Amino acid sequence: MKKADIILLTVLLFVTCLAFIVISHFKKSNIGRTVVIEIDGREYERVSLSDDKVIRIPTDSNDSVLVINKSSCYMESADCPDKICVRRGAIEKVGESIICVPKKIVVYIE
Amino acid sequence: MYNENNISKSKRVALTGVMVALSMLLSYLETLIPLNIGIPGVKLGLANVVVIALIEKLPFGNLFLISTIRVLLSALLFGNSATLLFSVSGAVLSLIVMFVLKRSEKFSSVGISIAGGVSHNIGQLLVAAFLSGSMRIVYYIPALLLSGIITGLIIGIFGAYIGKRLKEV
């Protein structure tokens, strides 16, 4: 190998490392952009996962409370008998969802 | 260094034909080696050994012919129209890059091969991005760069070694 070959190889390896870092960073920041809340199959609200807030989801009786905190969200309380949605815990990745069958609420991240 | 008077014209034509056949054989051989690591577009590029081995011996026009005819014929025989488009774009870009590096006379066959491997993958990626219209394909860039470097290095070392042994062509 000549000197120019070594330089070429070094530059290419450097570019590859840089690309790995940039892409993995890009992927991370791309995970879980928005929270979508659906009630009875219809979209109710769409919120960015980066804003911390508390959302009251209206139901026929007491409201269910969804908390968005530190790029993840969880159902804090719900007025359903089983509380499966509350026990589901926090979701943060694209495709994860919280589903409350009795109240027909679906919360998912995209 | 290559010298125009080294090889007579008829010998050059014959050699080009034989090398097309040889590189097609290598292309076929490569389809028998499953290098499936879950990333589309990653392959060894075994047929490029021919181009690298002959880079000092044949004018670049002949190498260009060997490579493009090989790509077209092996796509017809072992591939499909989609792989043809990817292979042709990758092959043409890598040939242009290798030609430029060869002309600069600063690089050895190994360096030329690495640049060829990387640019082949970049060419494919550009066509894939254009065809799918999706920027999601950029996720493949690091993997394809790395595989281009590794396969280019392997093929370059092999090709240079074989080229050295091919004093008498």
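The values are calculated or read from the model by the stated rules, or taken from the named source; none is laboratory data. If you're wondering where the values come from, they're calculated on a predicted model, not measured in any experiment. Neighbour counts run over all protein chains shown; Cβ positions are idealised from the backbone, glycine included.
Report yes if some residue within region A:31-44 is in the same structural domain as residue A:104 (by TED's automatic domain parsing), within 18 Å of residue A:85 (Cβ to Cβ), touching a residue at least 24 places away in the same chain (Cβ under 8 Å) and in contact with a Ser or Thr (Cβ under 6 Å, 6 or more places away or on another chain); otherwise report no.
No - not one qualifying residue is present in region A:31-44.
For residue A:70, state whether it is exposed (fewer than 15 other Cβ atoms within 10 Å of the Cβ) and over 14 Å from the mean Cα position of the chain (by Cα).
Here the answer is no, as residue A:70 does not meet what is asked.
Results for (1) away from every other protein chain (no Cβ under 14 Å); (2) exposed (fewer than 13 other Cβ atoms within 10 Å of the Cβ); (3) over 23 Å from the mean Cα position of the chain (by Cα); (4) modelled with pLDDT of 90 or more, shown as yes or no for each residue.
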| position | (1), (2), (3), (4) |
| --- | --- |
| A:5 | no, no, yes, yes |
| A:8 | no, no, yes, yes |
| A:17 | no, no, yes, yes |
| A:24 | no, yes, no, no |
| A:30 | no, yes, no, no |
| A:38 | yes, no, no, no |
| A:52 | yes, yes, no, no |
| A:55 | yes, no, no, no |
| A:58 | yes, yes, no, no |
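Considering each residue of region B:96-135, count those that are touching a residue at least 40 places away in the same chain (Cβ under 8 Å) and not charged (D, E, K, R), and give that number.
Number satisfying all stated conditions: 17.
Kindly provide the set of residues from region B:63-95 that are closer than 30 Å to residue B:167 by Cα, buried (at least 18 other Cβ atoms within 10 Å of the Cβ) and of a type outside the set (A, V, I, L, M, F, W, C), ordered by number.
B:67, B:70, B:74, B:90, B:94
Across region B:118-138, what is the total count of residues that are farther than 17 Å from residue A:12 by Cα and either buried (at least 16 other Cβ atoms within 10 Å of the Cβ) or among the charged types (D, E, K, R) (or both)?
Looking only at that region, the number is 6.
Would you please name the residue that is farthest from residue A:33 (Cα to Cα), looking only at residues in region A:94-103 that are touching a residue at least 24 places away in the same chain (Cβ under 8 Å) and assigned to a strand (DSSP E or B)?
A:100
Being more than 10 Å from chain A (Cβ to nearest Cβ) and in contact with a Leu (Cβ under 9 Å, 6 or more places away or on another chain) is the filter; apply it to region B:129-146 and report the residue that is farthest from residue B:82 (Cα to Cα).
Looking at residues that are more than 10 Å from chain A (Cβ to nearest Cβ) and in contact with a Leu (Cβ under 9 Å, 6 or more places away or on another chain), I get B:137.
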